[in-house]
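Asker: Could you have a look at this structure, given as structure tokens, before my questions?
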Amino acid sequence: MSDVTPSGAAAAPGPDAKRALAWAHTARFLVTASQLHQLPQHALPEIAFVGRSNAGKSTAINTLTQQRRLAFASKTPGRTQHINLFELGPRQAADAVLADLPGYGYAAVERTAKLRWQEVMARYLAERPQLRGVVLLVDARHGPTELDQQLLRFVAPRVGTGEVRLLVALTKADKLSRHEAQRSLRAAEQVVGEFVTEHSDVGLLLFSSLNRIGLDDLALTLHHWAHPVA
């Protein structure tokens with residue numbers, strides 16, 4: 001699809017959403033790595049979750065997978081400096097891998113560590129052959145920051161060709177009024193729209209781990225990425 005597709009109203013999950021959520025619930029730890037060469041080589045599609053340290057990334061992953069502590073949320077934002085991979089699908093026949101990338105942009109993190117992880121994430125997004133989709137978590141109250149847009153530029157060439165799909169989830173939507181939520185969607189759409197091409201698959205949704213806003217859409221999107229219809 002070549003359009004940015006906004007959505008976000010919470011509703012009772014239909015059969016497709018239930019199937020996608022059940023699939024997400026199968027997530028289990030695979031490996032942790034601090035460098036790209038430490039990541040396993042496999043033939044499964046990888047879906048990466050990325051976002052600023054305070055965007056609610058770990059909480060979103062735990063809500064999606066219906067597991068309280070699958071993704072580790074450090075009490076000190078910016079301290080987690082590893083890529084964590086989780087398998088999805090049947091235990092003996094995994095069909096996808098979820099990649100939890102370190103949060104970025106926390107001011108207290110030492111500059112050298114910031115630069116090192118910026119390079120690791122940039123290389124992962126630009127070069128990891130298994131990468132098929134990116135979920136960028138953005139705080140809905142603030143919208144895409146310059147760091148978020150910089151991250152998007154790292155993966156933009158692969159998004160533009162359709163090799164990698166992109167979904168921007170505006171988190172903490174429960175903290176916004178309806179008017180504020182729509183304004184946040186419009187502002188984010190302007191930013192994300194710059195990365196849309198005739199070949200790209202780019203989506204945008206409101207998300208709340210607390211109120212489950214956008215949860216079904218998130219699960220359905222990821223399930224579709226891992227099981228594309230021929």
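Asker: Sticking to Cα atoms, compute the Rg of region 108-230 to one decimal and its Dmax as the biggest Cα-Cα distance, whole number, in Å.
Answerer: 15.0, 47
Asker: For the residue pair HIS142 and GLU119, what label-to-label distance in nm results when each label sits 7 Å from Cα along the Cα-to-beta-carbon direction?
Answerer: According to this spin-label approximation, the distance is 2.6 nm.
Asker: How large a share of the accessible area of the chain, in percent, is made up of carbon and sulfur atoms when the probe is 1.4 Å and the other protein chains stay in place?
Answerer: 52 percent
Asker: Ok, one more. Over the chain, with the other protein chains present, what is the accessible area per residue in square angstrom, probe 1.4 angstrom?
Answerer: 49 Å²
Asker: While we're looking at this one, here's another question. When the Kirkwood radius is taken over all Cα pairs of the chain, what Stokes-Einstein diffusion coefficient follows at 25 °C and 0.890 mPa s, in µm²/s?
Answerer: 140 µm²/s
The values are calculated or read from the model by the stated rules, or taken from the named source; none is laboratory data. Bear in mind the structure is a predicted one, so any value in this text is a computation, not a measurement. Neighbour counts are summed over all protein chains in view; Cβ atoms, including those assigned to glycine, are modelled from backbone coordinates with ideal geometry. The accessibility values were calculated without ligands, DNA or RNA, using every heavy atom of the protein model including side chains. Shrake-Rupley method; radii C 1.70, N 1.55, O 1.52, S 1.80 Å.
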